[in-house]
Amino acid sequence: MMAGACEVCVHLAREQCVAGCQGEVYKPSRFCRGIHFIHLQSVEQLPVFSSLSTNYFDSTLKLILQLRLLFLSGHQLLHTAKMVVQFKVFKKAAPNGKLTIYLGRRDFVDHVSAVDPVDGVLMLDTDYLQGRKVFGQLVCSFRYGREDDEVMGLNFQKDLFLSSCQIYPPKENAESTKLQERLIKKLGGNAYPFSFDMPVNAPPSVTIQPGREDEGRPCGVEYYIKVFVGEKEEEHSHKRSTVVMNIRRIQFAPSKSGRQPCTIVRKDFMLSPGELELEVTLDKQLYYHYENIAINCIIKNNSNKTVKKIKAAVQQSVDICLFSGGQFRSTVASVETQEGCPVNPGSNLLKELTLSPTLSSNMDRRGVALDGHLKNIHTNLASSTLLANPESRDMFGMVISYTVKVKLYLGAMGGEVTAELPFVLMHPKPDLRRLMRGDSQAQVEAFRSDSMAGTVDES
């Protein structure tokens, strides 16, 4: 900025200011003076104004200055509002209101080699305990059959207790996170932190979409935190003094994508001198949810058969590790075309097909795997499961994978030619640089005004 320049004009030039002046303080244009008045918020603060006549500015200019002042004030307020960070704290209380747990999040990330700890704060009424203790448990519930079919003592659900601890009275002084410290400071002396370590090989949260006529809890893998009052950890808990809150274990896409998928399938026929070649290529190996999948097909027909139709589909594969043959597939997106067909003997065809696997096109399809469902949180198709060692699978989990299947129809006598390519479908890893940390003042203020006002998630 040159010496003697108007700081306001230089700053507003970024916004394409209507002043249009050079910004010389002692030889300004009329609009430059007006902006300088607004910036100082007092006409008397401008040194050159004392030597000017008050008739220098007419009523129209004064009106413009007033409107400009309102605009600048609103712009400052808008800029300040953009700096407010909304931070949500999840809360759930026992039926008798004596126990309440607070969680800063309900999604805990599985990094394949490690898992985020499940931490929160318990608020309790010590007079209600009367010498009893408060215990907490992290439970993985695996349902592999419909609740409607549970007759004659059958039970298609397994509950795995992954971790447990005594929350009150606290056995040891464990280190608290910044969020826990802020919550304890806000809630008072009857707030106690707790933390659970989730096993590395535990499965991600998955829900199998039920049919419209199905009732009861759906099949899948879900996690929940259970906090209850009792004399011993093994005794049966009473519902009135028990808090149960569902959480999710999720995975994000890796930072690096794999090699570009490509496959070539050749098929020869009886009494045919040549063969039919199908080459299928995807534009990449890793896709995010709601992204389009581009499939490139190259057909070289050196046989005496005729390709009459092309069909491409995205298939979701669910492998239930509890059963040896517990694998089933669902088509979540498909397209069928005869454009460019028939491909006669001795001719070639280059074709690009596009598919978009989304939950909106599979809402009525029973058996489709979804990401773990929570109340008031929209879900989507289940993400691909990442395993540190594909051979060591948890027997109470479900492994999700996706493949693109391209099929050529050659007529009743010619049969079919099929090619398959696996790919990965996941959510992108969030940019941590854009997220505020739990110990920031902005989050604490948002927590005071938002969560404590009763807008927290009560589910």
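The values are calculated or read from the model by the stated rules, or taken from the named source; none is laboratory data. These numbers were taken from a predicted model, which means no experiment stands behind them. Cβ: placed from backbone, ideal geometry, glycine included. Neighbour counts: every protein chain shown. Heads up: the accessible areas ignore ligands, DNA and RNA and are worked out on the full protein's heavy atoms, side chains in. Shrake-Rupley method; radii C 1.70, N 1.55, O 1.52, S 1.80 Å.
One line per residue, one yes/no per condition, for (1) touching a residue at least 24 places away in the same chain (Cβ under 8 Å); (2) β-branched (Val, Ile, Thr); (3) on the phi < 0 side of the Ramachandran plot:
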site	(1), (2), (3)
Lys133	yes, no, yes
Arg143	yes, no, yes
Val200	yes, yes, yes
Pro204	yes, no, yes
Gly216	yes, no, no
Tyr224	yes, no, yes
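Residue under question is Arg365, and the condition is that it be open to solvent by 70 Å² or more (accessible area, probe 1.4 Å) and either modelled with pLDDT of 95 or more or in a loop (DSSP other than H, G, I, E, B) (or both); does it hold? Answer is yes for this residue. Restrict the check to the range 318-341 and report whether at least one residue is basic (Lys, Arg), assigned to a strand (DSSP E or B) and either within 25 Å of Arg212 (Cβ to Cβ) or at pLDDT below 90 (or both). Scanning the range 318-341, I find at least one residue that is basic (Lys, Arg), assigned to a strand (DSSP E or B) and either within 25 Å of Arg212 (Cβ to Cβ) or at pLDDT below 90 (or both), so the answer is yes.
Checking each residue in the range 316-360 for being within 24 Å of the chain's Cα centre (by Cα), among the small types (Gly, Ala, Ser) and surrounded by 13 or more Cβ atoms within 10 Å (Cβ to Cβ) picks out Ser317, Ser330, Ala333, Ser356. Remark: Ser383 matches the filter, which requires a residue to be at pLDDT 70 or above and among the hydroxyl-bearing types (Ser, Thr, Tyr). Here Ser303 meets the list (1) open to solvent by less than 20 Å² (accessible area, probe 1.4 Å); (2) under 22 Å from Gln251 (Cβ atoms); (3) not hydrophobic (A, V, I, L, M, F, W, C) almost entirely, failing just condition (2). Only one entry in Ser195, Ser205 is open to solvent by 40 Å² or more (accessible area, probe 1.4 Å), polar (S, T, N, Q) and under 26 Å from the mean Cα position of the chain (by Cα), namely Ser195.
Set side by side, the residues Tyr144, Tyr192 differ, and just one is closer than 17 Å to Ile101 by Cβ and not hydrophobic (A, V, I, L, M, F, W, C), which is Tyr192.
What residue, among those in the range 74-97 that are open to solvent by 70 Å² or more (accessible area, probe 1.4 Å) and basic (Lys, Arg), is modelled with the highest pLDDT? Step by step, filter the range 74-97, then rank; the result is Lys88.
Yes or no, residue by residue, for (1) touching a helix residue (DSSP H, G or I) at 6+ places or on another chain (Cβ under 6 Å); (2) within 25 Å of Asn246 (Cα to Cα):
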| position | (1), (2) |
| --- | --- |
| Pro342 | no, no |
| Thr354 | no, no |
| Pro357 | no, no |
| Val368 | yes, yes |
| Asp371 | no, yes |
| His378 | no, yes |
| Ser383 | no, yes |
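In summary, Arg143 fulfils each of the numbered conditions (1) closer than 14 Å to Gly230 by Cα; (2) within 27 Å of the chain's Cα centre (by Cα) with the single exception of condition (1). For the range 113-136, a residue qualifies if it is open to solvent by 40 Å² or more (accessible area, probe 1.4 Å) and closer than 30 Å to Ala253 by Cβ, and the qualifying residues are Ser113, Ala114, Pro117.
If you scan the range 226-243, which residues turn out to be open to solvent by less than 60 Å² (accessible area, probe 1.4 Å) and touching a residue at least 60 places away in the same chain (Cβ under 8 Å)? Spell out how you get there, then give the answer.
Here is the first cut: in the range 226-243, the residues open to solvent by less than 60 Å² (accessible area, probe 1.4 Å) are 226-230, 233, 237, 241-243.
Correct list: Lys226, Val227, Phe228, Val229, Gly230, Glu233, Ser241, Thr242, Val243.
Restricting the first member to the range 343-364 and to residues that are over 16 Å from Leu421 (Cα atoms), and the second to residues that are exposed (fewer than 11 other Cβ atoms within 10 Å of the Cβ) and of a type outside the set (Ser, Thr, Tyr), the beta-carbon pairs closer than 8 Å and six or more apart or on different chains are Lys351/Glu339; Asp364/Arg212.
Take the range 203-222 and flag every residue that is over 24 Å from Ser113 (Cβ atoms) and part of a strand (DSSP E or B). Those that are over 24 Å from Ser113 (Cβ atoms) and part of a strand (DSSP E or B): Thr207, Ile208, Gly220.
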